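Only the coordinates and a few stated rules stand behind these numbers; no lab work does. All of these numbers come straight from a predicted model, not from anything done at the bench. All Cβ positions, even for glycine, are placed from backbone atoms using ideal geometry, and neighbour counts span all protein chains on display.
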Amino acid sequence: MIKKLLFLSVLIASVLSHAQTFSTGTQVLKDNLTINLETDPTTTTLVLTGPSNAWFAVGFGGSTMFDGADVFRTNGTSIVDARATSQSLPTADSSQDWTLVSNTVSGGVRTITATRDNNTGDTNDFVFSNTANSVSIIWAFGASTSYAYHGSINRGATILGFTLGKEDFENLAFEAFPNPVSNNMNIQLPSDVDTAKVDVYDLSGRVIKTGVVSQLSKELDFNTVGSGLYTLVIRSENKLGVKKIIKN
């Protein structure tokens with residue numbers, strides 16, 4: 001037990017010192033089509049906006065539809081992890097690695113927020129790096145929510161640069177109960193934090209579960225997590241909180 005607690009202390013110190021983020025910031029591709037990519041040591045977060053009455057897509061690691069770009073596309077109802085190898089509709093991957101966090105519409109603009117591992121292990125997926133770097137992307141949008149040819153003016157390619165985000169984190173004082181937990185854990189955020197990203201680390205330092213909690217959605221499902229000692233890390237903007245938890 002002493003060794004386990006010592007490891008957790010080292011892990012917490014590591015998380016606090018290395019939980020830096022890199023971001024492209026919000027970049028306008030065309031009209032109301034914008035993109036913002038952010039990476040932390042394990043996860044990439046994509047915030048993509050586009051017309052609420054049309055499909056739109058972005059591809060990573062390519063400059064044309066023939067480069068094998070890793071494509072994220074949406075028709076407003078669903079999101080699809082795909083790959084572009086021709087001018088046809090990018091084919092959906094057998095492994096759908098993006099997780100939809102939110103899908104909202106305001107003023108004719110749809111905002112999609114989704115997350116995935118930086119490196120999914122899928123050869124069809126682009127590998128994001130938690131460093132200052134750049135990535136080539138392609139983008140397109142249509143005239144309706146039905147996937148169809150986008151026309152020559154509704155597509156393009158560009159390069160996005162990642163720069164260092166905020167390294168210094170303020171303490172995020174949250175509550176997590178019950179602890180020990182058997183099924184669902186309630187994450188109580190402070191009143192000045194609307195939403196936060198959750199990572200659960202095992203004793204080897206591996207992220208075994210991720211999620212998003214908010215003032216309205218506070219439960220984190222632990223039913224599929226094995227019994228043991230874990231570290232719960234909560235992040236929101238420049239705030240970070242850490243707690244040790246036990247799963248029965």
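3J(HN,Hα) couplings calculated from phi for region 41-56 with the Karplus curve 6.51 cos²θ - 1.76 cosθ + 1.60 (θ = phi - 60°) are, in sequence order, x, 10, 10, 9, 10, 10, 10, 10, 10, x, x, 6, 9, 8, 7, 8 Hz; Gly and Pro show x. Each 5 Å bin from 0 upward holds the following percent of the Cα-Cα pairs of the chain: 1, 6, 13, 16, 18, 15, 12, 9, 6, 3, 1, 0, 0. Over the chain, DSSP H runs of length four or greater, each weighted -39,500 (n - 2.57), average out per residue to a 222 nm ellipticity of -2500 deg cm²/dmol. Radius of gyration over Kirkwood radius for region 86-141, both on Cα atoms: the Rg/Rh ratio is 0.99. Using the Cβ-Cβ distance between T64 and A132 with R0 set to 35 Å, the FRET efficiency works out to roughly 0.85. Give me log10 I(q)/I(0) at q = 0.11, 0.17, 0.20 Å⁻¹ for region 22-164, Debye formula, one equal scatterer per alpha-carbon, no solvent. Taken in order of the listed q values, log10 I(q)/I(0) reads -0.35, -0.89, -1.30. Using r as the Cβ-Cβ distance of Q20 and S86, and R0 as 51 Å, what FRET efficiency do you calculate, to the nearest 0.05? Calculated value: 0.85. Normalised Debye scattering of region 47-106 at q = 0.12, 0.14, 0.19, 0.22 Å⁻¹ gives log10 I(q)/I(0) of -0.28, -0.39, -0.69, -0.89, counting only Cα atoms as equal scatterers and leaving out solvent. Rounded to two decimals, the Cα radius of gyration of region 25-65 over 2.2 N^0.38 Å is 1.28.
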